[in-house]
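Structure first, then comments.
The values are calculated or read from the model by the stated rules, or taken from the named source; none is laboratory data. Since this is a predicted model, take the numbers as computed values, not measurements. Backbone-built Cβ (ideal geometry, glycine too); neighbour counts: all protein chains shown. What goes into the accessible areas is simple: the full protein's heavy atoms, side chains included, and nothing from ligands, DNA or RNA. Shrake-Rupley method; radii C 1.70, N 1.55, O 1.52, S 1.80 Å.
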Amino acid sequence: QVQLVESGGGLVQAGGSLRLSCAASGSIFRINAMGWYRQAPGKQRELVATMTSGSNTNYADSVKGRFTISRDNAKNTVYLQMNSLKPEDTAVYYCNADITTVVPQRTYDYWGQGTQVTVSS
């Protein structure tokens, strides 16, 4: 069994910064891609940023230049540094990971429980 545990959400004023963390634990053989998605009230969940095991990154246009995704493979952790936050960044942020488990050796898609980010104007 694999778990993703997120931390770092909260309330911040527009222009401020937050850093989200997501740690994976459990029966992990290999972590492939990891990333962050968000869902605002009344909207569909959307991609924020992803990073492959080879460190290739992909960002939503709305966060390019403001958010940075990074990984610490030794800690099975992915981070999202969010700078110059805007009220429209307010959402629940979810960690996502594509993980190959030890037994059975299969690849599954996992989600964290979500962490609230609120940006006040």
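What residue, of 74, 60, 91, is under 20 Å from residue 12 (Cβ atoms), out of contact with any Leu (no Cβ under 8 Å at 6 or more places or on another chain) and of a type in the set (A, V, I, L, M)?
Working: 74 fails: under 20 Å from residue 12 (Cβ atoms); 60 fails: out of contact with any Leu (no Cβ under 8 Å at 6 or more places or on another chain).
Result: 91 is the single residue among 74, 60, 91 that is under 20 Å from residue 12 (Cβ atoms), out of contact with any Leu (no Cβ under 8 Å at 6 or more places or on another chain) and of a type in the set (A, V, I, L, M).
Residues that are surrounded by 15 or more Cβ atoms within 10 Å (Cβ to Cβ) and of a type in the set (Gly, Ala, Ser) within region 48-64 comprise 49, 60, listed in sequence order.
Could you please find all residues in region 65-76 being open to solvent by less than 70 Å² (accessible area, probe 1.4 Å) and within 13 Å of residue 35 (Cβ to Cβ)?
Residues of region 65-76 that are open to solvent by less than 70 Å² (accessible area, probe 1.4 Å), as a first pass: 66-67, 69-72, 76.
Within region 65-76, 67, 69, 70, 71 qualify.
So which residues in region 107-121 are farther than 17 Å from residue 46 by Cα and out of contact with any Ser or Thr (no Cβ under 7 Å at 6 or more places or on another chain), if there are any at all?
120, 121
Within region 85-106, the set of residues being under 19 Å from residue 47 (Cβ atoms) and not aliphatic (A, V, I, L, M) comprises 86, 88, 89, 90, 93, 94, 95, 96, 98. Within region 106-120, the only residue that satisfies the criterion of being modelled with pLDDT of 95 or more and loosely packed, with under 11 Cβ neighbours inside 10 Å is 109.
Filtered by the rule that a residue be in a loop (DSSP other than H, G, I, E, B) and either open to solvent by less than 80 Å² (accessible area, probe 1.4 Å) or in contact with a Gly (Cβ under 6 Å, 6 or more places away or on another chain) (or both), region 1-47 gives 1, 8, 9, 14, 15, 16, 17, 27, 40.
Of 12, 48, all but one fail to be of a type outside the set (Asp, Glu), at pLDDT 95 or above and more than 18 Å from residue 112 (Cβ to Cβ); the exception is 12. Residues that are within 18 Å of residue 25 (Cα to Cα) and among the polar types (S, T, N, Q) within region 67-93 comprise 70, 73, 76, 77, listed in sequence order.
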